[in-house]
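J.: Right, I'll just put the structure down here and ask away after.
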Amino acid sequence: MGLDVPLPERPLPEAPLLEVDGVTLQYKTPHHLITATYRVDFSVLPGDRFVLLGPSGCGKSTLLKAVGGYMAPTEGEIRLKGRPVTGPGPDRMMVFQEFDQLLPWKTVKQNVVFALEASGRLSGREAEARAMHYIDKVNLTKFCDSYPHMLSGGMKQRVAIARGMAMEPDILLMDEPFAALDALTRRRMQDELLTLWEETRFTVLFVTHSIPEAIKIGSRILLLSPHPGEVKAELNSAGSSEEAMRLESRIQQMLFAEEIREAENV
Ligand SMILES: Nc1ncnc2c1ncn2[C@@H]1O[C@H](COP(=O)(O)OP(=O)(O)OP(=O)(O)O)[C@@H](O)[C@H]1O
């Protein structure tokens, strides 16, 4: 006889948006085989601000390139919404560190519209309206007819963010987007990114080698060991400023311990 008592409803675990599963990435040069990352695993949930943190050369940018579909893993698999990533696509938009990622002969608005039209996402009035919506979100409405050379570094990065967001990708890939800015602008841009996230809850995979930036931006932080990058720890974000301080010293200790081990092996 079956029981008629209804089972209590339990929320289903959220499916990951992005899965990086045992991913080894290598560069083949005429004389060397460089292993950039070794069997890296992580998964990003919808709405995560997922940060890849680690010392220079640990393969953060290479991982981002592979998620972007610009490089194939030699081992393992990358899946977006359950489907293997086999090449670039408008479902993954990249924002780089360099200020020259905009087309210099197009205005702010034209840069954003161009991306929408070239990808086939939208055209004509719809593309313009979408572009202006995101240009407004990054507070550049007044500069929509300006050319990139008329903008500051921070403003150019805002345009690149607006362009990426206007495509409404599944995930925004940001490779040290604020690293070339002065400290004050960098902090302001971090705040603005968080405000934008509060408004739209987009999913972002953010690369940095700055511990304070990782703690500020990340809802989750993947700590990678030095070359070749392997997962060292996955940490949750800090809620309070005391927690942030504790997290910062914990990360520093983990990275420092690795440096000592490296030095001893030399
Ligand atoms: N095009 C390339 N050809 C050969 N080796 C490369 C290439 N790009 C990166 N590498 C090597 O792969 C490793 C990882 O580099 P990557 O740029 O991904 O590290 P990173 O963690 O992003 O460093 P940084 O914080 O300095 O940008 C390094 O040893 C680097 O020298």
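The values are calculated or read from the model by the stated rules, or taken from the named source; none is laboratory data. Everything numeric in this text was worked out from a predicted model, so none of it was measured. Cβ atoms come from the backbone with ideal geometry, glycine included; neighbour counts cover every protein chain shown. In case anyone asks, the SASA skips ligands and DNA or RNA and just uses the protein heavy atoms, side chains included. Shrake-Rupley method; radii C 1.70, N 1.55, O 1.52, S 1.80 Å.
J.: Could you size up the charge dipole of the chain around its Cα centre, putting +1 on the beta carbon of Lys and Arg and -1 on that of Asp and Glu, and report it in debye to the nearest 20?
T.: Dipole of the chain, to the nearest 20 debye: 660 debye.
J.: When only Cα pairs under 8 Å and 6 or more residues apart are kept, what is the percent relative contact order across the stretch 101-168?
T.: The value is 45 percent.
J.: Compute the Rg/Rh shape ratio of the chain: radius of gyration over Kirkwood radius, all on alpha-carbon atoms.
T.: Looking at the chain, the ratio lands at 1.02.
J.: Quick check on the stretch 101-168: what are the equivalent-ellipsoid semi-axes from the Cα gyration tensor, as sqrt(5λ), descending, whole Å?
T.: Equivalent-ellipsoid dimensions as semi-axes: 17, 12, 10 Å.
J.: Next question, about the same structure. Charges on Cβ only, +1 for Lys and Arg, -1 for Asp and Glu, centred on the Cα centroid of the chain; of Gly239, Gln101, Ser219, which one is farthest towards the dipole's positive end?
T.: Gln101
J.: What FRET efficiency would be calculated for the residue pair Asp182, His133, taking the C-beta separation as r and a Förster radius of 30 Å, to the nearest 0.05?
T.: E between Asp182 and His133, to the nearest 0.05, is 0.55.
J.: Taking H as built 1.01 Å from N, whose amide H comes closer than 5 Å to the amide H of Gln26, not counting residues under 5 places away?
T.: Ala36, Thr74
J.: Just the accessible area per residue of the chain, please: how many Å² with a 1.4 Å probe?
T.: Per-residue value: 53 Å².
J.: Mind checking Rg over Rh on the stretch 55-178, alpha carbons, Kirkwood formula for Rh?
T.: With Rg and the Kirkwood Rh in hand, the quotient comes to 1.00.
J.: Could you tell me what percent of the accessible area of the chain is made up of carbon and sulfur, with a 1.4 Å probe and every protein chain present?
T.: In the chain, the share of accessible area belonging to carbon and sulfur is 53 percent.
J.: Sticking with this structure for a sec: Per-residue ellipticity at 222 nm for the chain, helices alone: DSSP H runs ≥ 4 residues times -39500 (n - 2.57), over residue total, nearest 500 deg cm²/dmol?
T.: Calculated mean residue ellipticity at 222 nm is -12000 deg cm²/dmol.
J.: OK, next. Over what distance in Å are the Cα centres of the stretch 160-216 and the stretch 68-95 separated?
T.: 20 Å
J.: Name the residue from Val159, Trp197, Phe143 whose Cα lies farthest towards the positive end of the charge dipole of the stretch 95-234, charges +1 on Cβ of Lys and Arg and -1 on Cβ of Asp and Glu.
T.: About the Cα centre, the residue reaching furthest to the positive side is Phe143.
J.: Multiply the residue gap between Thr29 and Thr74 by 0.36 nm, knock off their C-alpha separation, and tell me the result in nm, one decimal place.
T.: Between Thr29 and Thr74, full extension yields 14.7 nm more.
J.: Next question, about the same structure. With +1 assigned to the C-beta of every Lys and Arg and -1 to the C-beta of every Asp and Glu, and no other charges, what is the dipole magnitude of the stretch 90-174 about the Cα centre in debye, to the nearest 20?
T.: Taking the Cα centre of the stretch 90-174 as origin, the dipole is about 180 debye.
J.: Counting only C-alpha contacts under 8 Å and six or more residues apart, can you give the relative contact order of the chain as a whole percent?
T.: Relative contact order, the chain: 25 percent.
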